[in-house]
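S.K.: One structure, as structure tokens, below. Some questions next.
The values are calculated or read from the model by the stated rules, or taken from the named source; none is laboratory data. These numbers were taken from a predicted model, which means no experiment stands behind them. So basically every Cβ, Gly included, is an ideal-geometry build from the backbone, and we count neighbours across all protein chains shown. Each accessible area value is taken on the protein alone, full model and side chains, heavy atoms only, with ligands, DNA and RNA left out. Shrake-Rupley method; radii C 1.70, N 1.55, O 1.52, S 1.80 Å.
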Amino acid sequence: MTLYEKLRIMLSGRFTLFKIVYLYIRFLLYTPDKQIGKLKNCCEGKRCFIVGLGPSLQVNDLETLYEKGEICFSVNRIYHIFEKTNWRPNFFLVSDKRGDDDEMVAAMKEMEGEGVVTICSRELKLSPLVHPVRYRSRNYLTPLINSKLEFFRKMAKPCRYSINPEKFIYDGSSCIHSVIQFAGYMGFSEVYLIGCDCDSFQGKDYNEFIRIKTDGMKYKEEGVVVIDDYQSIKDDMEYKEIAMSIFNSTRGGKLEVFPRRNFDDVINH
């Protein structure tokens, strides 16, 4: 169906308030983003590693990724580990609400100078000193996702898989969910997760290398919420027949939604 035919159908009949609201959302809020469009299928058929911030993350594994020249994504405060490794992510996504602080801006500026593609939600206000790819988030109940109260968490919509990040990315309880959607859009055929433990919270585990509380967990049950969103995004990928395969190569942890693949075996083959 052509765009003309779609417009003709939408504008036919009574011009209701519902149609006005729909057209506003469709053509103003979610117009395609040309900057993101440049990433489409740029890594078609390749594999990548998504590096989380869990306590299982090891400097030696990052060095191995660097030596093997693997394509990597990472997120938020991963830059605290840079002083201990030559490794840098090829793509860096920040969804931290403190994304406009001086530390984050300085880190993003340094990464951009090293050729790292930085990605950031449009909802975050960033300094003009950095120039990330900006995407739109789509989950109107995002503030409820990480609530400490289960009652409010259940009100939030489960994370889904966006087939077109040019329009929007579905928010999840972890920024890794956003990265997965970008990886599929960029054409990767295989994705390997490392450092995605999903079983830590403030007061329990601490990643000494990154010097932050692991995975950004705020309360004991948050790991369960994150895992539920991984299951939701996996189910939506299967429903939409997304061909990209996701494997969990984390050393330990509680994430069993995706098939396990030993990191050492994967990196050597």
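S.K.: Which ones in region 49-71 are open to solvent by 30 Å² or more (accessible area, probe 1.4 Å) and under 18 Å from I227 (Cβ atoms)?
M.R.: Correct list: P55 only.
S.K.: I would also like to ask the following. I'd like the full set of residues that are polar (S, T, N, Q) and in contact with a helix residue (DSSP H, G or I) (Cβ under 6 Å, 6 or more places away or on another chain), limited to region 42-97.
M.R.: Taking region 42-97 first, the residues polar (S, T, N, Q) are 56, 58, 60, 64, 74, 76, 85-86, 90, 95.
T64, T85, N86, S95 - these are the residues of region 42-97 that are polar (S, T, N, Q) and in contact with a helix residue (DSSP H, G or I) (Cβ under 6 Å, 6 or more places away or on another chain).
S.K.: Name the pairs: first residue in region 229-255 and without any contact (Cβ under 8 Å) to a residue 40 or more places away in the chain, second residue not in a helix (DSSP H, G or I) and not charged (D, E, K, R), Cβ to Cβ under 6 Å, at least 6 apart or on different chains?
M.R.: These pairs meet every condition: Q231/V257; K234/V257.
S.K.: Let me ask you something else. Select from region 73-113 the residues that are at pLDDT 90 or above and part of a loop (DSSP other than H, G, I, E, B) and list them in ascending order.
M.R.: Hits for region 73-113 are T85, N86, W87, R88, P89, N90.
S.K.: Still on this model: On the given criteria, is T85 over 14 Å from C175 (Cβ atoms), among the hydroxyl-bearing types (S, T, Y) and in contact (Cβ under 8 Å) with a residue 24 or more places away in the chain? Before you say what the answer is, go through the steps one by one.
M.R.: Values: over 14 Å from C175 (Cβ atoms): yes; among the hydroxyl-bearing types (S, T, Y): yes; in contact (Cβ under 8 Å) with a residue 24 or more places away in the chain: yes.
Yes; evaluated as a whole, the condition is true for this residue.
S.K.: For region 80-89, does any single residue satisfy the condition of being closer than 23 Å to L255 by Cβ, among the hydroxyl-bearing types (S, T, Y) and open to solvent by less than 60 Å² (accessible area, probe 1.4 Å)?
M.R.: Just the residues of region 80-89 that are closer than 23 Å to L255 by Cβ, to begin with: 80-81, 87, 89.
From what is left, the residues that are among the hydroxyl-bearing types (S, T, Y) are none.
No, because not a single residue in region 80-89 is closer than 23 Å to L255 by Cβ, among the hydroxyl-bearing types (S, T, Y) and open to solvent by less than 60 Å² (accessible area, probe 1.4 Å).
S.K.: With a cut-off of at least 3 residues that are open to solvent by less than 10 Å² (accessible area, probe 1.4 Å) and modelled with pLDDT of 95 or more, name the helices (runs of 4 or more DSSP H) lying wholly within region 153-269. Show your work before the answer.
M.R.: Numbers: elements: 175-185, 222-239, 263-267.
Because the criterion is at least 3 residues that are open to solvent by less than 10 Å² (accessible area, probe 1.4 Å) and modelled with pLDDT of 95 or more, the helices (runs of 4 or more DSSP H) in region 153-269 that meet it are 175-185.
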